[in-house]
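Please treat every number below as a calculation from the coordinates, not as lab data. Here the structure is a predicted model, which is why all the values come from computation and not from measurement. Note that each Cβ is placed from the backbone with ideal geometry, even for glycine, and that neighbours are counted across all protein chains shown.
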Amino acid sequence: MTNASVSQAMSTLDIVKRVSLCLAYIVVSASLIRFNKFLMNKDRFPYSMLLTSCHMSMSFSLCLVLYLVKPGAFPGVANSEGRKLLVLKWMAPIGVAFSVSLYTSNQAYMYCSVTFLQFMKEGNVIIAFLMSCAAGLQAMNRVRCAIIAWIIAGSAMAVSGEVNFVFVGFVYQLISQLAECSRAVMGEVVLSGGGLKLDPLSYTLFVAPACLAVLVGGIIATWDPAIPGALAKWWPYLLPNALLAFVLNMLVATIIKEMSAVGFILAGVCKDIALVLFSAVVFAEVVTAHQCFGFMVALGGVFFWSFLRASPDSQAAMLAARLLQMPPESKMPNENTVLLPQTSSTKV
């Protein structure tokens, strides 16, 4: 077998792997969202802080048991030995961002429909990209600025067309998205660099207790005497819900490591499409024509963004560059470009 055929086979396997990860993420994430929406009802289990804590407790417990049984599955733990301060430096802010994201996201289900929340999430691509630029993981140019405006316009149309708009739910969801994108960008640094290069299992093992520490403080501050009775009544639902959350945490960490933070957000967009259609058809959630049009506009921008990333030398990319009077995308810095000049290693 020639080197070219071997390279092509590896490329095909890599594509199959990434597509499989995205499909698994879409199914698990959509299922957990609908499950959380079911539980987050005033007549069931309306305790978003505690629900999130159940998720993190399950993730930490399962990772800890697996580590005790098979420590070889956690190479990142061994790599981080002697660097406790570096681990704490990253895990503390990631844990805070993760806990805030999960709490506010679950809280938003109390006020808004699933479809409306998915419309809002289209802005995650832009938020994650801007944060990645600030972290030096991505580079800005005119074409990307134009697509950002495109996606923002579509998302704004979709959100503004909501029939049962609740401002409190909107704020909760916005905070959740900012925290989620922050966590994704920091997670990309930790999983791919940052002096740690953790694997998904080690990442979850480190993040879960940091997240739990924040959530426990929140539970104490917002304690409700009715919580013990609700736990006793709904634990048969909370247990599979927490297991599903553990699977999702593993998939998210794996996708961020394999496809970057922006790649993870783009996979989330595909999940949003499936979830909006499912919620509208199966659960009869109201979606207006105005929202559908805005959603399609935003999706068009997201998929054009993805196309330019995958094919920077395409005719569409060159046409967009000419219209905006800039060099072709392939000649501009992108996420694979080394932003700092390389120093020569040649000895004189």
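Annotation: amide H of Q138 within the under-5 Å range of C133, sequence separation 5 or more or interchain, hydrogens built in the peptide plane.
Net length available on complete extension from V166 to Y237 is 22.8 nm, with 0.36 nm assigned per residue and the Cα-Cα distance removed. Subtracting the Cα-Cα distance of V65 and F283 from 0.36 nm times their residue separation leaves 74.7 nm of extension gain.
Here the dipole of segment 106-255 is about 180 debye; that uses its Cα centre as origin and unit charges on the Cβ of Lys and Arg (positive) and Asp and Glu (negative). Derived scalar couplings between HN and Hα for segment 86-101 equal 5, 4, 5, 4, 8, 5, 4, x, 5, x, 5, 4, 5, 5, 5, 4 Hz in order, rounded to whole Hz, by the Karplus curve 6.51 cos²θ - 1.76 cosθ + 1.60 (θ = phi - 60°), x for Gly and Pro. Shown here for segment 8-49: trypsin sites (Lys or Arg not before Pro) in loop regions (DSSP other than H, G, I, E, B) with at most 11 other Cβ atoms within 10 Å, namely K42. Computed from phi, the 3J(HN,Hα) profile of segment 234-244 under the Karplus parametrisation 6.51, -1.76, 1.60 (θ = phi - 60°) reads 9, 4, x, 8, 5, 5, x, 4, 5, 5, 5 Hz, with x in place of Gly and Pro.
Would you mind getting me the FRET efficiency between L324 and R44? Use the beta-carbon distance for r and R0 = 51 Å, nearest 0.05.
On the way: r = 51 Å, r/R0 = 1.00.
Computed FRET efficiency for L324 and R44 comes out at 0.50.
Note on S31 and L88: the extension gain reaches 17.3 nm, defined as 0.36 nm multiplied by sequence separation minus the Cα-Cα distance. Working note: Karplus 6.51/-1.76/1.60 with θ = phi - 60° gives segment 276-283 the couplings 4, 4, 5, 5, 5, 7, 7, 9 Hz, where Gly and Pro are set to x.
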